[in-house]
Amino acid sequence: MNGIDICECAIIHEEVVTEVRKQMPDEETMLDLADLFKMFSDSTRVKIICALLLKEMCVCDISALLGMTKSSISHQLRLLRQTKLVKNRREGKIVYYTLDDEHIQNILDQGLAHVGEL
């Protein structure tokens, strides 16, 4: 390692630590946030989210789009539902999926903007 990334001081700036500690989210919120970002760590789930940004779709449509089995898509959708990234509605025998709310598009847009900077 080069010395640039290592702090050479032994001083703890108590006021900084105290101020930041007060503003940090609680542990449960941090765990929920980590779970949310885990959903974006799988390219299949990101592809599903991108598709659902454009159109409401059923499992059959998504599996055809991504060239995957309905079973594997259903599994990914179940994970996305558990983290409230997608929701579904039933119309007869068909279940349609959409993004849960506009926050998901914002998260994806920010991620794409960041990746575009790399």
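The values are calculated or read from the model by the stated rules, or taken from the named source; none is laboratory data. Note that the structure is a prediction, hence the values are computed from the model and not measured. Here the Cβ positions follow ideal geometry from the backbone for every residue, glycine too, while neighbour counts run over all protein chains shown.
The rows are residues; the columns are (1) over 14 Å from the mean Cα position of the chain (by Cα); (2) surrounded by 15 or more Cβ atoms within 10 Å (Cβ to Cβ).
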| site | (1), (2) |
| --- | --- |
| Glu15 | yes, no |
| Glu19 | yes, no |
| Thr29 | yes, no |
| Asp35 | no, no |
| Ser43 | no, no |
| Ala51 | yes, yes |
| Cys58 | yes, yes |
| Gly92 | yes, no |
| Thr98 | yes, yes |
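On inspection, Ser41 passes the criterion of being closer than 25 Å to Gln105 by Cα, modelled with pLDDT of 95 or more and in a loop (DSSP other than H, G, I, E, B).
Within the option set Leu66, Leu108, being in contact with a Lys or Arg (Cβ under 9 Å, 6 or more places away or on another chain) and either among the aliphatic types (A, V, I, L, M) or surrounded by fewer than 11 Cβ atoms within 10 Å (Cβ to Cβ) (or both) holds for one residue only, Leu66. Across segment 90-118, the qualifying residues are those that are hydrophobic (A, V, I, L, M, F, W, C) and part of a helix (DSSP H, G or I), and the one among them that is farthest from Phe40 (Cα to Cα) is Ala113. Please work out if Ile6 is touching a strand residue (DSSP E or B) at 6+ places or on another chain (Cβ under 8 Å) and either surrounded by 13 or more Cβ atoms within 10 Å (Cβ to Cβ) or on the phi < 0 side of the Ramachandran plot (or both). Taking the combined requirement at face value, the residue does not satisfy it. Pairing residues of segment 49-62 that are without any contact (Cβ under 8 Å) to a residue 12 or more places away in the chain and more than 10 Å from Ile73 (Cα to Cα) with residues that are surrounded by 13 or more Cβ atoms within 10 Å (Cβ to Cβ) and among the β-branched types (Val, Ile, Thr), at Cβ distances under 9 Å and at least 6 apart in sequence or on separate chains, gives Lys55/Thr98.
I'd like to check something: does segment 72-92 contain any residue that is touching a residue at least 60 places away in the same chain (Cβ under 8 Å) and either among the small types (Gly, Ala, Ser) or under 16 Å from Cys50 (Cβ atoms) (or both)? There is no residue in segment 72-92 that is touching a residue at least 60 places away in the same chain (Cβ under 8 Å) and either among the small types (Gly, Ala, Ser) or under 16 Å from Cys50 (Cβ atoms) (or both). Could you tell me whether Lys87 is surrounded by fewer than 16 Cβ atoms within 10 Å (Cβ to Cβ) and part of a strand (DSSP E or B)? Here the answer is yes, as Lys87 does meet what is asked.
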